[in-house]
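Colleague: Got a structure for you, written out below as structure tokens; questions coming shortly.
What follows draws every value from the coordinates through simple rules; no lab data is involved. Keep in mind the model is a prediction, meaning the values are calculated, not measured. Every residue, glycine as well, gets a Cβ built from its backbone with ideal geometry; the counts of neighbours run over all protein chains shown.
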Amino acid sequence: MRGGTSRGAFLRAEDLPPDPVMRDRAILALYGSPDARQIDGLGGADPLTSKIAIVGPPTLPGADVDYLFGQVRIAEPVVDYRGNCGNMLAGIGPFAVDEGLVPATEPTTRVRIHQVNTRTLVVADVPTRGGRALVEGVGKVPGVPGSGAKIRLDFAASADTLGRGLLPTGNAQDDLSDGDQTYRASIVDAGNPTVFVRAADLGLDAETLLASRYAPELMDRLEAIRGLAGERLGLVGDRRRSASESPTVPKIYLVHPATAYTTSDGALVPASAVDLVARGLVTQRLHAAYAATVAIATAAAACLAGTIVAEITGTRRSGGVRIGHPGGVLTLDAAVEVDTAGVARLTRAVIERTARRIMAGEMYVPLHALLGE
């Protein structure tokens, strides 16, 4: 299935080996990893198409289904279960409806999804007709050709995945230092823990920010910053091992004030159409679009006074946030409330995506791969 700007296999948990080691061997074989081309499997040699969604019965009270996300590494024999993919999550509701995992209701079926990786709940409203999820519609997702039925996702309960609040360090901005360099960053935990850094602090203007490739030295700096943040959050013991120990979280994104730019397919976006321009990485590669979970973190950051994002967009407690990225403009609605003790809470985080079932069938795993031979 395609979910948002990502694609991958959606499997029922019962169809995979219950043993985690054998399960991961099966998944790696299905995708053709480890191999840079993933030639012997379903993977497309791109992080956005090397993802898997495992759907099973709910283990959280109030949920309808469990969703375990896996980022299948391309060149390494690893399935990374840290973090969540919000784009793949867009396909969970339609999958649950079409597989009969939830009773279908018209015109909309509400599916409460327990996101197992982050231990949070996301609510999906799926357009439904005749007991099936609708596919055709007018919804558009930047970076995806055509249109489809709009799937409404509310991530309000997906914040605070680390259990330390929206600002897990307790600060709107932090200095991350390796002894030689110091980087100013905002770390926000909503959707996925995300590190925001001003593009200008790394010498990037909007054009270079959105370039199709970055110099290896810049990619190394971004991974170094991500490692520093991961170390600060306790996700890795040594920042230098972040790429191997925690390659998917935290996310790292560079942000820039609103400006006119050209998308990857040649469309001109005026500065008035966006509140900021941003770009990030997925498993040490440039993201061709924008991670849905990071969009949640971006919108939450815009509602939190003092963050780098809020300094760029202007602080708001609620409302729409328009994010310019290489594929186009992503718009979402968010709200943050602050209680009398000064604790901020995400109360609304709504994004619309589309999804489509591409095929259904059987996939084959070589016995030697399953046995680890």
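Colleague: Tally Lys/Arg at +1 and Asp/Glu at -1 over every other residue whose Cβ is under 11 Å from the Cβ of P326; what's the total?
Modeller: Values: positive: R279; negative: D265.
Here the count lands on 0.
Colleague: Distance between Cα centroids, the range 260-274 to the range 319-336: provide it in whole Å.
Modeller: The range 260-274 and the range 319-336 have Cα centres separated by 14 Å.
Colleague: Sort the range 174-347 into rounded, prolate or oblate with this rule: let a ≥ b ≥ c be the square roots of the eigenvalues of the Cα gyration tensor; rounded if a/c is under 1.5, and if a/c is not under 1.5, prolate when a/b is larger than b/c, oblate otherwise.
Modeller: On the way: a/c = 1.74, a/b = 1.06, b/c = 1.64.
It is oblate, given that a/c is not under 1.5 and a/b is not larger than b/c.
Colleague: For the chain, what relative contact order do you get, as a whole percent, if you take Cα pairs closer than 8 Å and at least 6 residues apart?
Modeller: Values: 904 pairs, mean separation 62.3, N = 373.
Normalised by residue count, the contact order of the chain is 17 percent.
Colleague: Related question: Mean-square fluctuation check for the chain, GNM, Cα pairs under 10 Å: which of R110, R198, R23 is largest?
Modeller: Of R110, R198, R23, the Gaussian network model singles out R23 as fluctuating most.
Colleague: Connecting C-alpha atoms closer than 10 Å in a GNM of the chain, tell me which of Q173, Q71, Q181 has the biggest fluctuation.
Modeller: Q181
Colleague: Please list, in order along the range 233-246, the HN-Hα scalar couplings obtained from phi with the Karplus expression 6.51 cos²θ - 1.76 cosθ + 1.60 (θ = phi - 60°), rounded to whole Hz, x for Gly and Pro.
Modeller: Once θ is set to phi - 60°, the couplings for the range 233-246 become 7, x, 7, 9, x, 9, 4, 6, 10, 5, 5, 9, 8, 8 Hz.
Colleague: What whole-number distance in Å separates the alpha-carbon centres of the range 189-239 and the range 141-187?
Modeller: First find each Cα centre; the distance between them is then 12 Å.
Colleague: If you don't mind, another one. Roughly how many nanometres apart are two label points built 7 Å out from the Cα toward the Cβ at S147 and V338?
Modeller: In this crude label model, S147 to V338 measures out at 4.0 nm.
Colleague: Oh, and also: Taking amide hydrogens as modeled 1.01 Å from N in the peptide plane, which residues meet the under 5 Å criterion relative to V282, leaving out close sequence neighbours?
Modeller: Residues meeting the criterion, in which the H sits 1.01 Å from N, are H287.
Colleague: Shifting gears a bit: Take each of the peptides 359-371, 89-101, average the number of other beta-carbon atoms within 10 Å over its residues, and list them starting from the highest. Working shown, then result.
Modeller: Details: 359-371: 10.0, 89-101: 24.2.
Going from most to least packed, we get 89-101, 359-371.
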